[in-house]
Amino acid sequence: MRWAIAWGVLAGLGAGAARAQEPAGEARDPGYCAFVRGVGEAESAVLLAPDVFASVGLVNAGEAGDGGGVPLGGPTPRITAGLNYDLVGLYRGLAIRRRAEAECERYRASSALRSAVKRGPDVGAEAALAARAQVLERALPEAEQLLASLREDVKQGRATLEELNALQLRLDGLRALAHETAKERERLAALPRPAERPLSTWLQELRAADDRVEQESGSLRRASAWNVRLRGGYDELVNVRQDVPLFGMLTVSYNLGSLWQPAANARAREGRRLALEEDVEGVSLEVAALLRELRAAHGADEARLREVSVLVTDLAGQLEELQAMETAKVRRYRDYLVLELARLRAEQAWLKAHVTELGRFLGEERP
C-alpha cells in the first residue's frame, strides 16, 4: 500500500508539472496547437504514469527440515503484484510536452509570416486605404456642391461649358479614386489578416521555436540511453512462511553509445538551422524577399509623402488667399484648387498611413 501511495504521488507530481507548462487561453490557439498538444499529452501520459503488474504461477520453493513442510524444490503457488515506475519516462514525458509547445509556437509564427507573404506588397495597405476613404468621404459632398453651383452659373451665362466640363472631369477623378479605394478594401478584406507585430520579430520567433523543437528532440534521444526504474509491490509464496511479503528494487542502466550523441546532436541542430534558411520553398526566403520589397516601398513612400506635404501646404495657402476674392475667374480657379487639394490630401492620408504601417511591419530589427 505504501508503495502504491508513493508511486501515485510521484506520477501526480510529474503530471502537475506538465500541466503547469500549458499556457492560458488554449481555446483561442490555432487548431494545429490543439493537435500537437493532444498528441504530446497522449504520448506522455503513458510515460508519466507508473506500470501496474501482477502475476500468478508456480515456482520451485519450500522448507528444508523435518517439519513436515513442502519439500525444498517442490511446486509452490506464487502471487506477485506491484508498481513499476520509469524515472527516465518522467523526463521524456515532460520533454515531449515541451516539444509540443515549441511546435505550436513555430506554427503560430509561420502562419503569421505566411499571411504577410500572401498579402505581399499589400501589407499595410488596408489602413492606408481607410485613411484615403475617410478624406474622400469628406471632400466629395463639397465637390458636388461646387459642380451644382457651376451648372447654375452656366445656365445664367456666368460660366462657360468648357469650365463645367473641366470641373466635371476633376470630380469624376475623385469619384473614380473613391470607387477604386472601395474595391481595394473589399479585395484586401478577403485576404488573411497581416501579422500584428514586426515581420522580423515573427521570423526570429520562428527560428527560435524551430531550434527549441530540435533541442527537445535531442534531449529525447539522449534520454533513450538511460534506464532508471523503481519496482516494488507484494510477493507471496503460498504455504511458505514470510515475515514481510513485500519487495522493492532500483535498476539503473546506461548505453555507452550515448557518449557519441552530443556531437551528433550538435550537427543535427546546426543542420536544421541551415535547412530552414536554405529551403527555397520555405517561409524564411519568402519573408526575406518581402522585407526587401517593403523597405524599398517604405523609402519611396517617405520621399513621396514629403513632396505631397509641400504641395498640400502650398495649395492650402493659395486657397486661403483666394477666399476673399469674388470675381468669376477667381472662383473658377478656387474650385480647381479645392478639388486638387482634396486629391492631394487623399494621397497624403494614404501615404501617411502606409508609411506608418510599413514601419510597424518592418520594425527596427533585421532578419
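The values are calculated or read from the model by the stated rules, or taken from the named source; none is laboratory data. Here the structure is a predicted model, which means the values were calculated and not measured. Glycine gets a Cβ as well: all are built from the backbone with ideal geometry, and neighbour counts include every protein chain shown.
Please enumerate the residues belonging to region 141-173 that are of a type in the set (A, V, I, L, M, F, W, C) and touching a Leu at 6+ places or on another chain (Cβ under 6 Å).
Of everything in region 141-173, those that are of a type in the set (A, V, I, L, M, F, W, C) and touching a Leu at 6+ places or on another chain (Cβ under 6 Å) turn out to be Ala143, Leu147, Leu150, Val154, Ala159, Leu164, Leu167, Leu171.
Criterion first (of a type outside the set (S, T, N, Q) and more than 30 Å from Ser44 (Cα to Cα)) does Ala143 satisfy it?
On the way: of a type outside the set (S, T, N, Q): yes; more than 30 Å from Ser44 (Cα to Cα): yes.
Against the criterion (of a type outside the set (S, T, N, Q) and more than 30 Å from Ser44 (Cα to Cα)), Ala143 qualifies.
Return the total of residues in region 234-255 being in contact (Cβ under 8 Å) with a residue 60 or more places away in the chain and surrounded by 10 or more Cβ atoms within 10 Å (Cβ to Cβ).
Applying the first criterion (in contact (Cβ under 8 Å) with a residue 60 or more places away in the chain) to region 234-255 yields 234-241, 246-248.
Next, only the ones that are surrounded by 10 or more Cβ atoms within 10 Å (Cβ to Cβ) stay: 234-240, 246-248.
Final tally of qualifying residues: 10.
For every residue, the table says whether it meets (1) under 28 Å from Ala49 (Cα atoms); (2) touching a helix residue (DSSP H, G or I) at 6+ places or on another chain (Cβ under 7 Å); (3) in the same structural domain as Leu83 (by TED's automatic domain parsing).
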{"site": "Val213", "(1), (2), (3)": "yes, yes, yes"}
{"site": "Gly218", "(1), (2), (3)": "yes, yes, yes"}
{"site": "Ser224", "(1), (2), (3)": "yes, no, yes"}
{"site": "Pro245", "(1), (2), (3)": "yes, no, yes"}
{"site": "Gly257", "(1), (2), (3)": "yes, no, yes"}
{"site": "Trp260", "(1), (2), (3)": "no, no, yes"}
Output the residue which, of all residues in region 225-254 that are touching a Ser or Thr at 6+ places or on another chain (Cβ under 8 Å) and part of a loop (DSSP other than H, G, I, E, B), is modelled with the highest pLDDT.
-> Ala225
Select from region 154-170 the residues that are over 50 Å from the mean Cα position of the chain (by Cα) and touching a residue at least 40 places away in the same chain (Cβ under 8 Å) and write down the one among them that is nearest to Asp335 (Cα to Cα).
-> Leu167
Among the candidates Ala266, Ala209, Ala223, residue that is farther than 30 Å from Val59 by Cα, free of Cβ contacts under 8 Å to residues at least 24 places away in the same chain and among the small types (Gly, Ala, Ser) = Ala266
Could you list all residues from region 160-181 that are surrounded by 13 or more Cβ atoms within 10 Å (Cβ to Cβ) and of a type in the set (A, V, I, L, M, F, W, C)?
-> Leu164, Ala166, Leu167, Leu171, Leu174, Leu177, Ala178
Determine whether region 128-147 contains at least one residue that is touching an Asp or Glu at 6+ places or on another chain (Cβ under 9 Å) and farther than 28 Å from Ala189 by Cβ.
-> yes
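Among Val355, Val283, Val310, which is the only one that is out of contact with any helix residue (DSSP H, G or I) (no Cβ under 6 Å at 6 or more places or on another chain) and modelled with pLDDT of 75 or more?
Working: Val355 fails: out of contact with any helix residue (DSSP H, G or I) (no Cβ under 6 Å at 6 or more places or on another chain); Val283 fails: out of contact with any helix residue (DSSP H, G or I) (no Cβ under 6 Å at 6 or more places or on another chain).
Exactly one of Val355, Val283, Val310 is out of contact with any helix residue (DSSP H, G or I) (no Cβ under 6 Å at 6 or more places or on another chain) and modelled with pLDDT of 75 or more, namely Val310.
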Which condition does Asp153 not pass, out of (1) assigned to a helix (DSSP H, G or I); (2) at pLDDT 90 or above; (3) surrounded by 14 or more Cβ atoms within 10 Å (Cβ to Cβ), if it passes all the others?
-> (2)
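Suppose we filter region 156-178 for residues that are assigned to a helix (DSSP H, G or I) and farther than 20 Å from Leu351 by Cβ; how many remain? Steps first, answer last, please.
Here is the first cut: in region 156-178, the residues assigned to a helix (DSSP H, G or I) are 161-178.
Remaining after also requiring farther than 20 Å from Leu351 by Cβ: 161-172, 175.
Residues meeting the conditions: 13.
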Counted residues, region 276-324 - those being in contact with an Asp or Glu (Cβ under 6 Å, 6 or more places away or on another chain) and under 22 Å from Thr201 (Cβ atoms) = 2
